[in-house]
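Since the structure comes first, as structure tokens, the remarks are kept for the end.
The values are calculated or read from the model by the stated rules, or taken from the named source; none is laboratory data. Computed from a predicted model, the values in this text were never measured in an experiment. Glycine also receives a Cβ, built like all others from the backbone with ideal geometry; neighbour counts cover every protein chain displayed.
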Amino acid sequence: MTPFSPNGAGTPAQNLFDGMLMKGRNVVVEAIGLLKARWKILQDLNVGINHAPQTIVACCVLHNLCQIAREPEPEPWKEPDESGSPARVLESEKQFYYFGESLRQALADDLHQRLSTR
């Protein structure tokens with residue numbers, strides 16, 4: 001999911017949403033980095049589309065077994081920095097783009113309302 005504004009120039013609801021989104025994203029990025037560091041096959045998953053889910057699940061199960069056995073964790077793997085222009089929205093995808101925009105705004109407003117009434 002895309003944040004509203006990387007520089008905090010949004011509404012209070014949007015800024016709260018962006019902060020929570022980035023917090024959750026960081027946890028996911030760290031978890032995937034740890035898996036990719038331990039299982040090199042995941043760095044460039046070059047298996048057939050039918051085998052990818054089983055490969056990922058197998059790596060997760062093996063990782064959990066390593067955790068149970070208290071194996072030392074490797075240094076998390078970092079994705080190479082991606083550069084280039086942002087993805088374009090094709091004409092045929094604009095309907096989904098605008099739906100996603102309105103859904104993201106509804107989620108931000110709901111989160112802000114729930115947290116501000118505490």
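So here's what we get for this one:
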quantity	calculated
When residues of the range 33-58 are limited to those that are among the charged types (D, E, K, R) and not in a loop (DSSP other than H, G, I, E, B), the one nearest to PRO80 (Cα to Cα)	LYS36
Identity of the residue in the range 7-28, more than 19 Å from GLU75 (Cα to Cα) and of a type in the set (A, V, I, L, M, F, W, C), that ends up farthest from the chain's Cα centre (by Cα)	ALA9
Some residue of the range 60-71 being over 21 Å from MET1 (Cβ atoms) and basic (Lys, Arg)	yes
In the range 6-46, the residues that are in contact with a Phe, Trp or Tyr (Cβ under 7 Å, 6 or more places away or on another chain) and not small (Gly, Ala, Ser)	GLN14, PHE17, ASP18, LYS36, GLN43
Residue within the range 71-87 that is at pLDDT 90 or above, surrounded by fewer than 11 Cβ atoms within 10 Å (Cβ to Cβ) and either in a loop (DSSP other than H, G, I, E, B) or hydrophobic (A, V, I, L, M, F, W, C) (or both) present	yes
Leading residue by the ranking (nearest to the chain's Cα centre (by Cα)) among those in the range 29-48 that are within 12 Å of GLU79 (Cβ to Cβ) and surrounded by fewer than 16 Cβ atoms within 10 Å (Cβ to Cβ)	VAL29
Every residue from the range 53-69 that is of a type outside the set (Gly, Ala, Ser) and over 19 Å from the mean Cα position of the chain (by Cα)	GLN54, THR55, VAL61, LEU62, HIS63, ASN64, LEU65, CYS66, GLN67, ILE68
Residue in the range 90-118 that is surrounded by the fewest Cβ atoms within 10 Å (Cβ to Cβ), counting only those that are among the hydrophobic types (A, V, I, L, M, F, W, C) and in contact (Cβ under 8 Å) with a residue 12 or more places away in the chain	LEU115
